[in-house]
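Novice: Structure below; questions to follow.
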Amino acid sequence: MTQAERLPREDHALLADGTTVWLRPPCPQDAGAVRRMYEEMSRESLRGRFFGVSRESAEQAVERVFGPARRGYQALLAGAEDQVVGVAEYVGGDDEADVAELGVAVAERWHHRGVGTLLVEHLVHAAREAGLTALTADTLADNQAMLKVFADLGLPVSRRYEGGEVRCTVWLRDEQGRYLDAVDDRARRADVASMEHLLRPRCVAVVGAGRKPTSVGRAVLKNLRRAGYPGLLYVVNPHAHLLEHLPTYPKVGDLPHVPDLAVVTVPADRAAGVARECGRAGVRTLAVLTAGFTPEQGAELLAACRDHGMRLVGPNCLGLANTEQRARLNASFAPQQPLPGRAGVAVQSGGVGIALLEGLSRLGIGVSSFASLGDKYDVSGNDMLQWWESDGCTDLAVLHLESFGNPRAFSRTARRVGRRMPVLTVDAGRSQPGRRAAASHTAAAATRTVTRRALFTQAGVVATRSIAELLDAAATLHTQPLPAGTSVAIVSNAGGSGVLAADACVEAGLSVPELPAELVTALREDLPGSAVVTNPIDTSPAVRESSLTACVERLCRHHAVDAVVVSLVPTALGEATGEDLVRGLTTCCGELPCTLVAVLPHQPEGVRLLTPGEGRPIPAFADPQSAARALAHAAAYARWRARPAGIVPELAGVDTEGAAELVDAFLAAHPDGGWLDPPQCADLLDRYGVPQVPWAWVGDADAAADAAERLTARDGRAVLKAYGPGLLHKSERGAVLLDLVGGAQVRAGYQELASRFGDGMTGVLVQPMARRGTELFAGVVQDEVFGPLVLFGLGGTATEVIGDHVARLAPLTDSDVYGLLTEPRCAPLLFGHRGGEPVDVAGLEQLLLRLSRMAADLPQLAEADLNPVVARPDGVVTLDVRIRLQPARRFDPFLRRLR
């Protein structure tokens with residue numbers, strides 16, 4: 001594989017200070033720029049790189065970088081516009097085929113900005129792809145900057161001191177995920193630094209504000225002024241002299257100060273030109289609100305931003321806002337100013353953004369920062385999550401994403417952010433076709449909805465079905481403590497409304513348990529004599545505020561339940577309306593250690609936060625279903641947050657190199673990919689220690705009889721399975737013959753299969769008849785966006801009909817495996833249903849972990865279908881497997897780069 005094939009032709013990535021640079025292998029036209037970089041280096045920098053100050057060493061380095069291609073050599077450049085700002089290279093030694101020597105040089109004015117670290121990360125990627133195990137580097141003992149690069153890299157480093165020099169050896173194995181954590185941390189800090197210019201700009205220019213009062217640019221100008229933006233504000237319009245009481249300038253280059261942020265509203269065919277003008281002027285970020293880009297215009301716009309190192313929001317977006325006192329930025333054309341608050345909001349749809357801004361303002365939660373991402377060429381939900389994690393102003397993250405640019409990065413970021421604050425989303429796109437045409441059970445089950453839900457479940461994201469449901473959950477999570485579990489007490493002043501609330505809670509997956517006897521006795525003392533003290537509790541219509549408060553407070557402090565729903569209707573008998581009673585609760589029960597929500601059926605549809613003053617607000621819902629769903633979301637988030645983050649366990653007996661060789665050999669013979677035959681499937685599973693029933697692959701009737709006699713010594717019963725290119729659903733095609741006893745039956749069975757399928761049969765698999773057990777299925781499918789997805793559930797011939805399966809994205813942690821085993825409806829069968837003996841759960845755990853490892857190791861694994869997997873108390877075994885391979889490149893989670 002050549003260097004150009006091993007490294008992307010050109011990537012872009014962020015440095016520690018938020019600057020964007022490009023990364024690419026050297027091209028002949030780069031020679032002059034590399035030579036200039038070395039010529040401008042100081043004597044001290046030359047000494048640090050070449051251990052001397054001779055310019056001859058620099059010229060030799062240029063010749064080496066641009067010399068003829070040779071085995072074991074890799075070079076990589078980093079640059080900004082037409083300037084090369086860093087060079088990294090490694091060369092392999094003849095005596096150590098798996099070790100290479102590394103060298104790094106950084107342009108004089110680019111020191112201490114993370115150029116060297118970024119180049120080393122990308123060379124580590126190339127070295128791993130080349131099969132290297134370590135990189136070595138010699139440096140001067142006083143070159144603290146380079147020593148720090150190696151020390152902070154996150155990989156194991158050994159040092160050997162010899163006089164004034166140090167030989168560093170960087171081992172390319174990632175011990176306990178430290179390297180990925182280090183790369184993630186560097187990416188987060190660089191990302192936040194780049195967003196500073198976008199969300200806390202000191203100078204803003206609106207480019208394209210029109211003379212018409214109804215133009216988008218004019219709306220943005222008005223919103224910026226209404227928000228009280230404290231920085232410098234400029235308008236660019238060559239056809240006007242004054243707009244919104246501000247003087248205009250013909251071009252961005254004519255502005256007296258360089259903007260941090262340019263809000264662009266010019267037509268699509270002019271946007272790329274404006275972007276290049278902004279880049280030449282030194283603008284750091286763009287928000288392009290314009291819609292209607294053709295693919296070519298969009299590519300030109302993004303190229304302009306990449307060439308000049310600018311971050312881009314949009315195009316086709318509503319704009320952005322930051323309500324922090326020091327920012328007071330509203331660079332959007334939203335119809336109202338967002339209320340300052342604690343919720344971060346990122347959306348792709350402008351209409352959804354307006355609805356969320358209005359809803360969060362109405363509830364009093366407010367917004368810390370807002371970004372309408374539009375077509376999401378660059379800045380994404382990942383960027384916004386990392387900003388909210390660090391801004392000190394956000395404690396609730398709200399997303400509406402129709403697509404994921406890098407879902408694996410999103411998953412890692414959301415998991416980390418979710419430990420600190422709830423991350424909520426509207427699960428958009430559920431109406432896509434529920435099944436795709438696929439040959440395997442696994443692929444048929446792995447719909448995009450299933451994949452998204454797996455992502456959200458693992459990342460702890462609160463996924464709702466609508467904007468209204470999201471606002472319901474946000475109101476509860478923002479104002480109430482997280483419930484410790486799912487048990488709920490219902491308190492109502494009308495029996496019927498209490499029953500409806502109880503039904504809604506049960507339907508949402510919550511429980512409404514009986515209350516302990518001592519609690520019931522105490523509650524009778526709090527409530528009128530006509531009250532019914534069961535669960536739900538009917539306080540009677542005449543309940544006084546003091547009695548209701550005492551009842552709710554006692555329930556909350558007793559810890560018999562995890563949440564309390566108070567459902568109240570106004571009556572002529574009570575001393576106050578239902579709303580007044582709830583407001584009384586907010587004062588008296590403001591700090592109770594229990595989740596408390598209200599249902600007021602008479603209020604207009606929607607959720608409100610009832611806040612009398614000093615007490616904690618209580619969310620009040622118009623219907624019990626909304627309250628129950630909000631509580632269920634809160635309970636699920638609390639359960640996820642309470643669980644350990646999970647680890648990916650080490651597995652013994654895995655032959656990764658042998659598996660890779662098997663896959664490479666198959667794809668060399670089948671360049672377009674295809675289905676492995678049974679021996680190849682068995683060989684691949686053996687490489688990962690996946691248990692299989694004994695088997696033999698035969699091509700004639702006599703061989704089938706001999707194999708059956710050898711494999712079925714225990715009870716003599718054999719199974720024949722015909723295989724061929726079109727025989728994937730074998731049971732449906734009559735390609736499986738069971739319970740064949742003796743050589744005569746086996747020979748006859750083989751002849752029957754051969755006659756039935758003719759040339760379409762390439763061979764027959766012979767197996768012993770398996771003992772009965774619980775039939776399950778496990779599988780993997782590679783999603784081109786989300787990566788490998790592992791599915792598990794009830795197996796056998798009815799797999800797709802019953803649809804009892806759950807999914808998680810690989811690599812699986814031990815927590816993920818626990819979810820796969822406990823969440824299907826068939827889970828009780830695994831753990832001893834109705835006194836039955838549990839199956840070998842540890843064996844199932846190992847099977848799923850090994851399947852996950854196989855999928856993570858082999859991106860070429862398009863589909864793997866293990867069905868059935870028979871689980872018994874004494875073990876787990878795979879009876880049938882189908883595996884399809886296709887050409888694919890390995891995804892490297894360690895590689896920092898912009899989309």
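Every read-out reported here was derived from the displayed coordinates using simple, explicitly stated rules and does not represent laboratory data. Everything quoted here is computed from the prediction, not taken from an experiment. No Cβ is skipped: glycine too gets one built from the backbone with ideal geometry, and neighbour counts run over all protein chains shown.
Novice: As an exercise, use a Förster radius of 35 Å and the Cβ-Cβ distance of residue 66 and residue 181 to find the FRET efficiency, rounded to the nearest 0.05.
Specialist: Numbers: r = 36 Å, r/R0 = 1.04.
With a Förster radius of 35 Å, E is 0.45.
Novice: To continue, here is another question. Fewest Cβ neighbours within 10 Å first, please rank 243, 320, 399 accordingly.
Specialist: Values: 243 20, 320 29, 399 24.
In increasing order of surrounding Cβ atoms, one gets 243, 399, 320.
Novice: Also: Could you pull out the longest piece of the chain with no exposed loop chymotrypsin sites (Phe, Trp or Tyr not before Pro) in it, calling a site exposed if DSSP puts it outside H, G, I, E, B and it has at most 16 other Cβ atoms within 10 Å? Show your work: numbers first, answer last.
Specialist: On the way: sites that count: 51, 66, 831, 891.
Free of exposed loop sites, the longest segment is 67-830.
Novice: Which of the trypsin sites (Lys or Arg not before Pro) found in region 717-767 are in a DSSP loop and have at most 15 neighbouring Cβ atoms, other than their own, within 10 Å?
Specialist: Numbers: sites: 717, 721, 730, 733, 747, 756; in loops: 730, 733.
Here the sparse-neighbourhood loop sites are 733.
Novice: Suppose we keep just the DSSP beta bridges with both residues in the chain; what percent of those would be antiparallel, to 5? Present the calculation step by step, with values, prior to reporting the outcome.
Specialist: On the way: 94 of 148 bridges.
Within the chain, antiparallel bridges account for around 65 percent of the total.
Novice: Charges only on Cβ, +1 for Lys and Arg, -1 for Asp and Glu: so what's the dipole of region 8-125 about the Cα centre, in debye to the nearest 20?
Specialist: So the magnitude is around 240 debye.
Novice: At most 11 other Cβ atoms within 10 Å and a DSSP loop assignment: could you name the trypsin sites (Lys or Arg not before Pro) in region 288-362 that fit?
Specialist: Details: sites: 306, 311, 326, 328, 342, 362; in loops: 326, 328.
Filter output for region 288-362: 326.
Novice: Using a cut-off of 10 Å between beta-carbons, work out the net charge of the residues near residue 290 (Lys and Arg +1, Asp and Glu -1, residue 290 not included).
Specialist: Details: positive: 270; negative: 269.
Once positives and negatives cancel, what remains is 0.
Novice: Percent of Cα-Cα pairs more than 26 Å apart in region 476-639, please. List each step's numbers first, then the result.
Specialist: Working: 1945 of 13366 pairs.
When every Cα pair of region 476-639 is considered, 15 percent fall beyond 26 Å.
Novice: Classify the chain from the C-alpha gyration tensor, please: rounded if a/c falls under 1.5, else prolate or oblate depending on whether a/b exceeds b/c.
Specialist: Numbers: a/c = 2.00, a/b = 1.01, b/c = 1.97.
Here the chain falls in the oblate category.
Novice: Something else: Antiparallel DSSP bridges in region 476-639: what percent, to the nearest 5? Please list the in-between numbers first.
Specialist: Values: 6 of 21 bridges.
Among the beta bridges of region 476-639, antiparallel pairing accounts for roughly 30 percent.
Novice: In debye, nearest 20: dipole of the chain around its Cα centre with unit charges on the Cβ of K, R (+) and D, E (-)?
Specialist: In debye, rounded to 20, the chain gives about 2100.
Novice: Also: What order do you get for 125, 805 when you list them from fewest to most C-beta neighbours inside 10 Å?
Specialist: Details: 125 21, 805 26.
By the 10 Å Cβ count, ascending, the order reads 125, 805.
Novice: In nm, give the distance between the simple-model label positions of residue 748 and residue 246, each being 7 Å from the Cα along the Cα-to-Cβ direction.
Specialist: The two pseudo-label positions are separated by 9.0 nm.
Novice: Rounded to the nearest 500 deg cm²/dmol, what is the calculated helix-only ellipticity per residue at 222 nm for the chain, with -39500 (n - 2.57) per DSSP H run of length n ≥ 4?
Specialist: Details: 29 runs with 334 residues, N = 899.
It lands at -11500 deg cm²/dmol.
Novice: Moving on to the next point. For residue 222, which aspartates and glutamates qualify as cross-link partners when the Cα separation must be under 13 Å and same-chain residues fewer than eight apart are set aside?
Specialist: 244
Novice: What percent do you get for the relative contact order of the chain when only Cα pairs under 8 Å and 6+ apart count?
Specialist: Details: 1916 pairs, mean separation 72.7, N = 899.
Relative contact order for the chain comes out at 8 percent.
Novice: With the dipole of region 3-173 worked out from charges on the C-beta (+1 for Lys and Arg, -1 for Asp and Glu) around the Cα centre, which of 111, 65, 34 lies farthest toward the positive end?
Specialist: Going by the charge dipole, the pick is 111.
Novice: May I pose another question? Put +1 on the Cβ of every Lys and Arg and -1 on every Asp and Glu Cβ in the chain; which of 219, 746, 682 then has its Cα farthest towards the positive end of the dipole?
Specialist: Farthest along the dipole direction, towards plus: 219.
Novice: Turning to a different aspect of this structure: What relative contact order, as a whole-number percentage, does region 792-884 give when Cα pairs under 8 Å and 6 or more residues apart are counted? Each step should come with its number before you reach the end.
Specialist: Details: 116 pairs, mean separation 23.3, N = 93.
About 25 percent, as a whole number.
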